[in-house]
Each structure stands twice: as C-alpha cells, then as structure tokens.
Amino acid sequence: MSHIPPLDPNVAARKGFRESEERLKRFWEAVDVEKGEGGWSVILDGRTPRTPAGAKLTLPTEAAARLVADEWAAQGEFIEPGTMPATRLASTAIDRVSQAREPVADEVAAFAGSDLLCYLADHPTALAVEQAREWTPWRDWAAIELGAHLEAVEGIMHRAQAPGAIARVRELALRLDDFALTGLAMATPLLGSAVLAFAVQRGVLGGEAAFELSRLDEAFQERQWGVDAEAAERTAARRAEAALLERWFKALGT
C-alpha cells in the first residue's frame, strides 16, 4: 500500500525509483476522470495510471474516481504517498483484495468475535457507565440491521460469540464489492470493531464519530491524566483515516 503507482511502471524502473531512497517528481499536468470499460478511470495527461501490479487505476463510480484523482491533482513538485490514502485503497482493492476476498472477510469476522463494543470496563465505574451508554445502541443496531447479535461482557476476559453471528458478519462482508470490502477491512482494525466499521460503510455513522466511539477508554484516560503531544498526533492521524474511509464509502455509494 505504501508504493504509489507511476503513470507507467517502466517510468519508475528507468529512474531507479525507490520510495525510501528517491522522491518521484510529478510527471503530469492535467488530471481528470473518464468512463470506460469496467468503470471510471483516473486520467493523467490523457493516460491512465497503473497500480503497483500493473492494472489500470479504474474504480466503480465517478465519485470514487474523482476522490482518487483529487489526490493526484493535489500533488506538488514531488509525489507524497502519505497524502494519497484513497489511491492506496483503490490499488489495494484492485491488486490484493480482489484476489483474496474470503481471507479478508475472515479477518473482518474474526474482529466481530472479539469486537471492542462487547468489552465493557469493570472499573472505573464512570467509564463502564459511559461505554454501556454509548456502545449498547450499536450492538442493538448490529442485532437488528446486520442480523448479528453480539453479547457484551465486563472485563477483558474473552467471551466467545455465537458462531452464527460470526458467520453472518463474514457473509455480509463477502456481499460487498472489492472496493467496499477493502474499506471495511481497513476500518475494522482501525476502530477495533466490525460493528462500527459496518455502520460507517452503511452510512449510518460518520467516520469521526465512529472513531470517537472506539476510543472511549483512551479519551477517559486523557481527561484524567492529560494528553501527550505525540499521542495526540497519532490520534489525529487515525481520526483523519476514519474520516477518509467515510468519504470512500460515500463515493462508492455503498
């Protein structure tokens, strides 16, 4: 995911490009999207960029293609891979997830088996009350809207969930196309919760709101002890990732 594809894979080879050793200069002027066979492609100076595996950077909707194209258009003199998360999502969907859908769905289902929303603090009481208040509605939502009933427990001891609930989460993941499944697979570990990831994917919960729900314990500790600058920077980066995933799902129309 860390390697941003050049317009032509041979360009990187001719330049001897290695992301860690040499920065790749911007080599295009105009950026657009174009509808063609298989969906909407990003267009750089009339040509379609390629994924690291050499596939065309083509997405299922115009909005998704424009989300990626905007990242290319925003590049300055040098390509900054860290500023192109939608491009990485698209490349991952095309190159990797399309070839490994069942293992990816298995990973999402495994998170449901130990979903963050099912583990309430046994102390302090104030945190436990907050978690119950904020998380219970989303477990209820999962039971009703996803058909996956997950049981909650106090403390950190693992509690196995019903096999039917886990199978249901896997089934729902496999119903998604490669691009939405990629977003779900990214959102689930970010949030520590398959339930919250599905809520964002289905548009019933915003990315940043889901992220805040996922860090109730962390936020509680910050209120008690203050915020470390380095930790705050990491939190901001993760929050931005959650917001991007919300935009990704909206652009896909899922």
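The values are calculated or read from the model by the stated rules, or taken from the named source; none is laboratory data. Everything quoted here is computed from the prediction, not taken from an experiment. Cβ placement follows ideal geometry from the backbone for every residue including glycine, while neighbour counts extend to all protein chains displayed.
Condition test on residue 180, is it crowded, with 24+ Cβ neighbours inside 10 Å and farther than 14 Å from residue 102 by Cβ? Criteria not met by residue 180.
Yes/no per residue for (1) touching a residue at least 12 places away in the same chain (Cβ under 8 Å); (2) more than 22 Å from residue 138 (Cα to Cα):
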position: 209; (1), (2): no, no
position: 214; (1), (2): yes, no
position: 218; (1), (2): yes, no
position: 227; (1), (2): no, yes
position: 232; (1), (2): no, yes
position: 236; (1), (2): no, yes
position: 251; (1), (2): yes, yes
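The set of residues from the range 19-46 being charged (D, E, K, R), surrounded by 11 or more Cβ atoms within 10 Å (Cβ to Cβ) and modelled with pLDDT under 95 comprises 19, 22, 23, 25, 26. Checked against (1) under 23 Å from residue 183 (Cα atoms); (2) surrounded by 14 or more Cβ atoms within 10 Å (Cβ to Cβ), residue 53 meets all criteria but (2). Taken over the range 237-251, the criterion of being in contact with an Asp or Glu (Cβ under 8 Å, 6 or more places away or on another chain) and either assigned by TED's automatic domain parsing to the domain that holds residue 90 or of a type in the set (D, E, K, R) (or both) is satisfied by 239, 246. Considering only the range 50-161, give the helices (runs of 4 or more DSSP H) lying wholly within it that have at least 1 residues that are within 30 Å of residue 30 (Cβ to Cβ), of a type outside the set (Phe, Trp, Tyr) and modelled with pLDDT of 95 or more. Correct list: 62-73, 85-95. Among the residues making up the range 200-227, those that are under 12 Å from residue 127 (Cα atoms) and either within 22 Å of the chain's Cα centre (by Cα) or in a loop (DSSP other than H, G, I, E, B) (or both) are 215, 216, 217, 218, 219. The residue list 128, 142 contains one member that is touching a helix residue (DSSP H, G or I) at 6+ places or on another chain (Cβ under 7 Å), surrounded by 14 or more Cβ atoms within 10 Å (Cβ to Cβ) and not acidic (Asp, Glu), which is 142.
In the range 64-109, which residue that is free of Cβ contacts under 8 Å to residues at least 24 places away in the same chain and under 30 Å from residue 138 (Cα atoms) is surrounded by the most Cβ atoms within 10 Å (Cβ to Cβ)? In this case the residue turns out to be 100.
The conditions of being modelled with pLDDT under 95, part of a loop (DSSP other than H, G, I, E, B), out of contact with any Pro (no Cβ under 7 Å at 6 or more places or on another chain) and polar (S, T, N, Q) are not met by residue 2.
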